[in-house]
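Notes for the one structure printed next.
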Amino acid sequence: AGGAVGRPVTEASEPSPRINRHYGLDWLRIAAFVLLIVYHIGMVFAPWDWVIKTNHRIPGLIAPMSLLTPWRLALLFAVSGYASWHLFTKSGSAGKFLRSRNVRLLIPLAFGMVALVPVEMWVRVMDKGYPHGLIQFWTHDYWRSGEFWGREFPSWEHLWFVAYLWAYTAILAAVLARRRGRFDAGVAAAVAWLSKGWRILWAPAGLLAIAKVGLMFVVEEEHGLFRDWAGHAQYVPMFLFGFVLAGAPQLWSPLQRVWKAALALAGLAGAIVVVVELSFPGEAIPPHWVMAGERAAQVAMAWTMTIALFVLADRYWNRDHRWRKSLAEAVFPFYLIHQPAIVLITWYSLPLKLDSWIEFAMLLAGTSAICTAFYLIGREIGWLRPLIGLGPRRPHNIPDTSPQPA
């Protein structure tokens, strides 16, 4: 089951191996990050705790945002896993793969924590009464460890996704370097088993639900690379699913077979989540049995929506467009800057007491403008490109065969 370098399983059974860039998953990745930005703008208005809140609370956002919450991050990790397989095959070895990931993930993470996260942390402490400006905070008070004005330092805020993705990549690279044979054999067996009947629909959903509900009563649900076990139990399998799918295209056949049922189950699971969120709005805590049912519905929706969206992207979006390359490249820089932009615009708009629709439009337009400028300026300056997650400029005659990194 070893196959060529970087391929976790053989592709012999696939008439047309999908070894080149999958434009459909590019578009899915672009759409997922656009949705993430809109979601975070929505969190400013939604009746849940977030970095900063506007003067408005809009209960009408509970239902639509509850339908997005279960699967949006799982989808991002799955798409990142798919891209990682192509990057692994391009690298030629586990060591080179990890070194390339270090450059494209750790450098932007470090840059973000030095230059972007301070904006969010400054607003957080300002909200608690911190008396100084951003420059004073960044040059003196940001570089501390422990609690300060009710906030824990240091923090990577929204960049936790980059830290998690790098950690999963590092572990995968270590396994591929030391246990490649066992990994390939295990993947081949799993692919063969999942390809039969409807197993690819119900088996992962069931295992993810068991893990989520089981951990719920053992560990707290909180972000943190070394304590977010409930998150890892969901995100690691989704990341591996994308990685394996890229190297085992025969899995597309069972996915195509079950995608309509997956979409129907996602709708049912989403309805359960919405009912619970509407019944226990804001920070209200439901009974344990209700909470367990909702958590199971959330992970089931994450899996089934990922199946449905992957198949839809494969069927209908797998075509190139003149904007696709630039949009795909812009995604990571947009991700890095979008949350500090949202937080800063919201902070300075609070005293204006704007109408909610005007405030939303201002946030959407302002965040889009800042993200666009950040990308367009950064891509033109050689030394800035690695800081915002971009590689060296490629000659125009080089074919575009591998996905973007994150």
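The values are calculated or read from the model by the stated rules, or taken from the named source; none is laboratory data. Remember, predicted model here, so these are calculated numbers, not experimental data. Positions of Cβ are generated from backbone atoms using ideal geometry, with glycine treated the same way; all protein chains shown enter the neighbour counts. Just the protein is used for accessible areas: all its heavy atoms, side chains included, with ligands, DNA and RNA removed. Shrake-Rupley method; radii C 1.70, N 1.55, O 1.52, S 1.80 Å.
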Is it fair to say Thr69 is over 18 Å from Phe334 (Cα atoms), open to solvent by 50 Å² or more (accessible area, probe 1.4 Å), part of a helix (DSSP H, G or I) and polar (S, T, N, Q)? yes
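If we scan the range 200-214, do we find a residue that is assigned to a loop (DSSP other than H, G, I, E, B) and among the hydrophobic types (A, V, I, L, M, F, W, C)?
Looking through the range 200-214, none of the residues is assigned to a loop (DSSP other than H, G, I, E, B) and among the hydrophobic types (A, V, I, L, M, F, W, C).
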Select, from Ser356, Ser349, the only residue that is of a type in the set (Gly, Ala, Ser) and in contact with a His (Cβ under 8 Å, 6 or more places away or on another chain). Ser356
Could you grab me the full set of residues in the range 20-49 that are without any contact (Cβ under 8 Å) to a residue 60 or more places away in the chain and either open to solvent by 40 Å² or more (accessible area, probe 1.4 Å) or within 30 Å of Val311 (Cα to Cα) (or both)? Ala31, Ala32, Val34, Leu35, Tyr39, Gly42, Met43
Restricting to the range 304-348, and then to whatever is aromatic (Phe, Trp, Tyr) and closer than 19 Å to Phe161 by Cβ, can you tell me which residue is surrounded by the most Cβ atoms within 10 Å (Cβ to Cβ)? Phe334
Within the range 77-91, is even one residue open to solvent by less than 60 Å² (accessible area, probe 1.4 Å), assigned to a loop (DSSP other than H, G, I, E, B) and modelled with pLDDT under 95? no
Against the condition in contact with a strand residue (DSSP E or B) (Cβ under 7 Å, 6 or more places away or on another chain) and of a type outside the set (Val, Ile, Thr), how does Met121 come out, does it pass? yes
Members of the range 221-269 found to be aromatic (Phe, Trp, Tyr) and either open to solvent by less than 10 Å² (accessible area, probe 1.4 Å) or in contact (Cβ under 8 Å) with a residue 12 or more places away in the chain (or both), listed by number: Trp229, Tyr235, Phe239, Phe241, Phe243, Trp252, Trp259
Take the residues in the range 184-220 that are buried (at least 18 other Cβ atoms within 10 Å of the Cβ) and charged (D, E, K, R), then tell me which one is nearest to the chain's Cα centre (by Cα). Lys212
Quick check, is Ile370 of a type outside the set (Asp, Glu) and open to solvent by 40 Å² or more (accessible area, probe 1.4 Å)? yes
